[in-house]
Amino acid sequence: MNKNKILFIDSWTRGIHNFVPIANELKNYGWESLLVHRGSWGHDSNRPLEEKIDGILCRDFQYYKTRFIYKVLKVEKPDLVLILTTNYLFDRAVILASKSQGIKSCFMMHGIRGINDIDVQKSTPNDSFFQKRWQRAGKFLFHIIPNYYLSGLSNNWWFLFRVEPYSILLKLFFKPHKYLLFPPPSSEIHCDLALVWGNAYKQFFIKEYGYPENRVTVVGHPPLDPVFHLLNNPPNQQKKIAFLDAHFILVDKPYCVYLADGSVEQGQVGWTIENRIKHLDEIALLCKKASRQLVIKLHPATDKFPIQAHFSEDDHVHVFSKLNLNLLIMWCESVIGQGSTTNDIAIIMQKPLFLPAWGISERKAKSTIKRQPMSILCSSPDELLESIKHPDKDKFAKKQEQEQYILDFITYTDGKAIDRIVENIINAGKIN
């Protein structure tokens, strides 16, 4: 008897943490899991053609000696493909190729996204998108566009005679800031199933992307499953001391956690490696003035070595790429956030969440507080210093905003998001 198979598709291997919990749970139901990535196209070059990472078999496109997702699906014949984005041109290729072969497609959210001020986002040019348009021209011409057209033709030979394939290419070229993130509603960007984190995201996908309501399912916030489990079974004082000691964080001195996002890696305006270090320097100085330690948790895509080297002589600053973030936040006094998904851990744990809103972080902070209004916006270094010194001052002032945010953007607080995701995948796979 053949096992069911799920095919994860991503641009690189560094996002594998999004798939591991799902693969582990599906294994209990007899499903095989495989990640196919296009790292050799420039996202994650020099990887082995085939390798195992965290128990998942991973293959680069070159393993199949093809650049077409249509041909990969022909070889693997999965019951379901799962993707983490649904609005890019390559996503259209995946969805169309799956449809042409009778394979179910599933989109799963893997991080927060802004759904406020959509008209402003659409009309605000993003320099990084324009730069990438030229930097990645070769990849688009050789890989992305051929994939899109082959998948489209395999699904319907009328594809070449429709306006949409040509229209979307022109729109992506002239207004990438608008049409990369907010493509007009189309069946080409509709998977058979969309798994979203909260009620607000469901309404966004229905209204903005035109998804049929019966294809969008709210599953909860997967990265928060361990957080809810931890809150229900808090560790004792001995474990706290052992954890802090293991990471050289002083037990008897309060610390503040800085949750960095991937602004530099995403090419956001004003964010460079040098500017980020200057920004962190300023935050570290404020924490020192407030007699607090600073623990910086970097984004997974960030190169940790320049930042660790910069702070290597400062005993009050600790820099990490990997550690148990839930425990780190559980025992911290306050959190300084950017626009990271990890802000939600602080919100669920009811930690004071401060947003630096000056310099390069101003734009991001003002955008973040619209989505997370229970945060404290600090418009100057002096305001942040006061907040760090007196973290509980506004702790209960925004209780209503916090409760509404959890209802809209997290929705489920039972720690069973992965269970719901797996249940939906299995049910979709049975339909084939």
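For the reader, a short list of remarks on this structure follows.
- Exactly one residue among 146, 212, 185 is touching a Gly at 6+ places or on another chain (Cβ under 6 Å), of a type outside the set (Asp, Glu), surrounded by fewer than 18 Cβ atoms within 10 Å (Cβ to Cβ) and under 30 Å from residue 74 (Cβ atoms), and that residue is 185.
- The numbered conditions (1) under 22 Å from residue 275 (Cα atoms); (2) crowded, with 17+ Cβ neighbours inside 10 Å are all true for residue 372 except (1).
- Residue 27, sole failed condition from (1) of a type in the set (Lys, Arg); (2) in contact (Cβ under 8 Å) with a residue 24 or more places away in the chain; (3) in contact with a Ser or Thr (Cβ under 9 Å, 6 or more places away or on another chain): (2)
- Within region 327-362, the set of residues being closer than 22 Å to residue 235 by Cβ, assigned to a strand (DSSP E or B) and of a type in the set (Val, Ile, Thr) comprises 335 only.
- 3 or more residues outside the structural domain of residue 103 (by TED's automatic domain parsing): qualifying strands (runs of 3 or more DSSP E) within region 175-263: 255-259
- Remark: pairs (first residue in region 391-415, within 18 Å of residue 336 (Cα to Cα); second residue among the hydrophobic types (A, V, I, L, M, F, W, C); Cβ separation under 6 Å; 6+ apart in sequence or on different chains) = 394/376; 398/374; 402/374.
- Filter pass, residue 421 being within 26 Å of the chain's Cα centre (by Cα) and at pLDDT 90 or above: yes
- Cβ pairs under 7 Å, 6+ apart, first in region 235-247 and surrounded by 12 or more Cβ atoms within 10 Å (Cβ to Cβ), second in a helix (DSSP H, G or I) and of a type outside the set (Ser, Thr, Tyr): 243/327
- All conditions in (1) more than 23 Å from the chain's Cα centre (by Cα); (2) at positive phi; (3) not polar (S, T, N, Q) hold for residue 55, with the sole exception of (1).
- Candidates in region 42-100 are the residues that are part of a loop (DSSP other than H, G, I, E, B) and aliphatic (A, V, I, L, M); of these, the one that is surrounded by the fewest Cβ atoms within 10 Å (Cβ to Cβ) is 49.
- The sole residue among 333, 401, 362 that is charged (D, E, K, R) and either in contact with a helix residue (DSSP H, G or I) (Cβ under 8 Å, 6 or more places away or on another chain) or buried (at least 17 other Cβ atoms within 10 Å of the Cβ) (or both) is 333.
- Yes/no for residue 278 being basic (Lys, Arg), in contact with a helix residue (DSSP H, G or I) (Cβ under 9 Å, 6 or more places away or on another chain), closer than 26 Å to residue 17 by Cα and in a helix (DSSP H, G or I): no
- Within region 36-54, considering residues that are modelled with pLDDT of 95 or more and in contact with a Ser or Thr (Cβ under 7 Å, 6 or more places away or on another chain), the one nearest to residue 87 (Cα to Cα): 37
- For region 342-366, the set of residues classified as in contact with a Gly (Cβ under 6 Å, 6 or more places away or on another chain) and in contact (Cβ under 8 Å) with a residue 60 or more places away in the chain consists of 343, 360, 364, listed by residue number.
The values are calculated or read from the model by the stated rules, or taken from the named source; none is laboratory data. As the structure is a computational prediction, the values presented were derived from the model and not from experiment. In this analysis, Cβ positions are derived from the backbone assuming ideal geometry, glycine residues included, and neighbour counts consider all displayed protein chains.
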